[in-house]
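The values are calculated or read from the model by the stated rules, or taken from the named source; none is laboratory data. A quick note: this is a predicted structure, and the numbers were derived from the prediction, not measured. FYI the Cβ positions are ideal-geometry reconstructions off the backbone, even for glycines, and counts take in every protein chain you see.
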Amino acid sequence: MDRCLTPLIEPWYFFPFKGGTPPSTAAEWYTWYTSGGTAGEEPPEEVAAQYALYDQIKGASAEELPGLAEQFFDRASEEVWFIGTVGALPHVGVVKNNFRNVPDVNYCVLYDSDAWAEQYFIAQ
């Protein structure tokens with residue numbers, strides 16, 4: 001699934017959300033969450049609990065984060081709000097000693113435009 005490399009920053013596949021392709025059926029629940037309950041439709045208890053857990057994660061200390069993240073992903077695995085069929089991984093990569101001007105480390109290079117591929121070159 002695309003965007004699963006940074007799941008705590010972009011958690012869209014780990015709780016019902018609004019958006020995506022095709023659009024989610026949870027638009028009203030997500031509106032409720034993002035509006036603080038003033039708009040949209042109140043979701044079922046398990047969905048509201050996942051939203052609340054994500055709010056805790058956003059403000060968690062380094063000590064709290066591993067336990068909260070484990071709960072978050074366990075719930076997502078149990079509820080299965082999203083079934084992904086395609087994604088960024090695995091992907092094609094070039095590994096060559098003479099392939100130059102590429103980032104040494106960059107886990108988020110999903111497209112050639114992310115790393116300025118027009119500046120790559122092959123050393124002679």
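Here are the numbers:
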quantity: Residue 102 vs. criteria surrounded by 14 or more Cβ atoms within 10 Å (Cβ to Cβ), at pLDDT below 95, over 19 Å from residue 13 (Cβ atoms) and within 16 Å of the chain's Cα centre (by Cα); calculated: no
quantity: Segment 56-80 residues that are over 19 Å from residue 13 (Cα atoms), paired with ones that are surrounded by 10 or more Cβ atoms within 10 Å (Cβ to Cβ) (beta carbon under 6 Å, 6 or more apart); calculated: 60/68
